[in-house]
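Below is one structure, written out as structure tokens; the observations come after it.
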Amino acid sequence: MPRKRRKISLRWQALTSTISTTFVLILMGLVIICALTAHRLGESVRQSLTVTVMMSDDATEPQTLDYKKKLELRQWVKDINYISREQALKEQTEAMGQDPTEFLGENPFLPLLEVHLKADYACTDSLMWISKQLKANPLVSKVSYQKELVENLNRNLKKVTYVLLGIAALLLLVTLVLINNTVRLSVYSRRFIIHTMRLVGASWGFIRRPFMMRALWIGLTAGILADIVLLGGLRALWKYDTSMAEYVTMENIGITAIAVLVCGLLLTLVCTFISVGHYLSMREGEMYE
């Protein structure tokens, strides 16, 4: 009967350890996916930033198109839209409801190049350097971009990053404490078995092995369960809002799933290793305290 009761107790401990670890890993996975999504969203906003290059009145269309081709070879360029004088006039006529040439006598618009930058270069320092390079060309009359928008965007992204890192660090600390306490309770109930095995000459590695295997299965199971819950939640989010697939990408989901699984395994194994080592180093008198 005591042996049967002990088996039930061990199974119950394993179940509670798995459930508690799963919940903590789900929270950790949410923080990771939020951080990756925020990074992806920031990249998308940065890449939508437009640097407007206004060509001079003397620049012909072939010259402008040739300059566009040269710019597209630059490492900081994502893509470029060319707006000719005629296209600009047409767009403004549709917007104003009146043709400006009727009262000005000529087309007042100059050809434009709308340059979209790669995300890594959409920061204040890079934009100032890029702006100087563009203005150095005699065919360019003016370069403009939304400086305040760039500064506010980068400032807000830094704040979000710091907040998420703080939450992740706090959650990691809570996870370590929770899993460590759960493992210590499990090992504590078997401390006399550990002591007996040590007295008969069993090595520390031999004594640790069953505890480590048990921790391995708990961490693996908790990680898989947490991944299933997270994937189910993200799939429901995609069905609710299909546009989220642009930001919550399969790559980010894969990174999150692997990170959760690895964290589950590492945390349970490390905590078990430390806890068993604690009782292995105890003297007999300390076992009863």
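Checking understanding here: applying a Kyte-Doolittle mean of at least 1.6 and a length along the axis of at least 30 Å (C-alpha), which whole DSSP H helices in the chain pass?
Helix filter hits for the chain: 250-280.
Go through S126, G277, F192 and say which Cα lies farthest out towards the positive end of the charge dipole of the chain; charges sit on Cβ, +1 for Lys and Arg, -1 for Asp and Glu.
F192
Order of K90, K68 from fewest to most other C-beta atoms within 10 Å?
K90, K68
What percent does the relative contact order of segment 139-273 come to when contacts are Cα pairs within less than 8 Å and at least six residues apart?
Relative contact order of segment 139-273: 37 percent.
Output ³J(HN,Hα) for segment 76-83: one whole-Hz value per residue in order, computed from phi by the Karplus curve 6.51 cos²θ - 1.76 cosθ + 1.60 with θ = phi - 60°, and x for Gly and Pro.
Once θ is set to phi - 60°, the couplings for segment 76-83 become 8, 8, 8, 7, 9, 9, 9, 10 Hz.
State which entries of K90/K118; K90/K239; K70/K159 exceed 32 angstrom in Cα-Cα distance in the structure shown.
Correct reply: K90/K239; K70/K159.
Could you work out how far the C-alpha centroid of segment 53-89 sits from that of segment 105-158, in angstrom?
Segment 53-89 and segment 105-158 have Cα centres separated by 13 Å.
Dimensions of the chain along principal axes (Cα, Å, largest first)?
Each principal axis gives a Cα extent; for the chain these are 103, 38, 27 Å.
Give me the net charge for the shell around A119: Cβ to Cβ below 9 angstrom, other residues only, Lys and Arg +1, Asp and Glu -1.
Every neighbour counted, the sum reads +1.
Under the definition of Cα pairs under 8 Å and six or more residues apart, what whole-number percent is the relative contact order of segment 50-145?
Result for segment 50-145 is 48 percent.
For segment 50-145, report the translational diffusion coefficient in µm²/s to the nearest whole number, using Stokes-Einstein at 20 °C, 1.002 mPa s, and a Kirkwood Rh over Cα pairs.
Answer from the Stokes-Einstein relation: 150 µm²/s.
Output wanted: per-residue J couplings in Hz (rounded whole) for segment 116-121, from phi through Karplus 6.51 cos²θ - 1.76 cosθ + 1.60, θ = phi - 60°, x for Gly and Pro.
These are the phi-based 3J(HN,Hα) values: 9, 8, 6, 4, 5, 9 Hz.
In whole percent, what relative contact order does the chain give with Cα contacts below 8 Å and a gap of six or more residues?
29
We did not get these values from a lab; they are worked out from the coordinates using the rules stated. It should be emphasised that the depicted structure is a prediction, and the values quoted were computed from it without experimental measurement. Note that we place each Cβ from the backbone using ideal geometry, even for glycine, and neighbour counts take in every protein chain shown.
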